Amino acid sequence: KAGVTQTPRYLIKTRGQQVTLSCSPISGHRSVSWYQQTPGQGLQFLFEYFSETQRNKGNFPGRFSGRQFSNSRSEMNVSTLELGDSALYLCASSTRGSEETQYFGPGTRLLVL
Amino acid sequence: EDQVTQSPEALRLQEGESSSLNCSYTVSGLRGLFWYRQDPGKGPEFLFTLYSAGEEKEKERLKATLTKKESFLHITAPKPEDSATYLCAVHRGRDDKIIFGKGTRLHILP
């Protein structure tokens, strides 16, 4: 079974730009969660989507948004990038949600200059 | 405020030297505790899920245990390939959120 895939793997943007990251979950998984990982804050929950609906949201500003498609693939968008948005963005999938084991993708490394 | 604290932040061991990593939590309504391993430049890799105090799970040289306030990841006779960052996370029942600790960086010297 193929694992969680994320594209792109690396990205360099400048302040003020916007970025869209993509995540394809494990086949059959309907829940996709997004996390931001930085050396100072560790892994922080952004949001979770299940069957195309946002089911949960972390404490991030509205510049961070996401969506999920009917095939369970998910995208995350960050608008008006700030230097502090530089991080590893991880996507995790599970069959039903946070009560179950989540399987992580390799992440997208975003650098904002 | 709910917290997940991992200690130590970093640990260097000689090959074969057993030790334990700690994850203490103050989370109301714990519904599960997860252990992950993360190698540099990669996403976390699932190791264990524990649901209730007294539960134990084992996999190769790793054994995870859970009490009402903390979890331990015991590493027996580690090898250099066990070097990684080990992450602990809890599932908070009241809002279904996953809260991660900042991890323990483990380095096993040959």
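The values are calculated or read from the model by the stated rules, or taken from the named source; none is laboratory data. These figures come from a predicted structure and were not determined experimentally. All Cβ positions, glycine included, derive from the backbone under ideal geometry; neighbour counts span all protein chains shown. Side chains are part of the model used for accessible areas, which takes the heavy atoms of the whole protein and leaves out ligands, DNA and RNA. Shrake-Rupley method; radii C 1.70, N 1.55, O 1.52, S 1.80 Å.
Estimate for me the total accessible surface buried between chains A and B (protein heavy atoms, probe 1.4 Å, no ligands or nucleic acids), in Å² to the nearest 100. Counting both chains, the buried surface is close to 1500 Å².
To the nearest 10, the accessible area of A:Leu46 is 0 Å² with a 1.4 Å probe. Taking 29 Å as the limit for the C-alpha separation, the pairs B:Lys79/B:Lys102; A:Lys57/B:Lys63; A:Lys57/B:Lys59; A:Lys57/B:Lys79; A:Lys57/B:Lys69; B:Lys42/B:Lys68 exceed it in the case of A:Lys57/B:Lys63; A:Lys57/B:Lys59; A:Lys57/B:Lys79; B:Lys42/B:Lys68.
Of all beta bridges that DSSP places with both ends in chain A, some 90 percent have antiparallel geometry.
Note on chain A: semi-axes of the ellipsoid equivalent to its C-alpha gyration tensor, largest first and rounded to whole Å, are 22, 14, 13.
Under the combined filter of DSSP loop state and at most 14 neighbouring Cβ atoms within 10 Å, segment A:1-109 retains these chymotrypsin sites (Phe, Trp or Tyr not before Pro): A:Phe69. Take the Cα of A:Leu11, step 7 Å toward its Cβ, do the same at B:Asn22, and the gap between the two points is 3.9 nm.
The phi torsions of segment B:78-90, fed into the Karplus equation with coefficients 6.51, -1.76 and 1.60 and a -60° offset, translate into couplings of x, 10, x, 5, 7, 5, 4, 9, 9, 10, 10, 9, 10 Hz, rounded to whole numbers, with Gly and Pro shown as x. Near the amide H of B:Gly103, under 5 Å away, which other amide H atoms are found, from residues 5 or more places off or on another chain, if H is placed in the peptide plane? Answer set, sorted by chain and number: B:Gln6, B:Cys88. Over the protein assembly as shown, all Cα pairs binned in 10 Å intervals from 0 give whole-percent P(r) values of 8, 33, 35, 19, 4, 0, listed from short to long. Residues of segment B:25-74 whose accessible area, computed with a 1.4 Å probe over protein heavy atoms, drops by at least 30 Å² once all protein chains are present relative to their chain alone are B:Phe34, B:Tyr36, B:Gln38, B:Gly41, B:Gly43, B:Pro44, B:Phe46.
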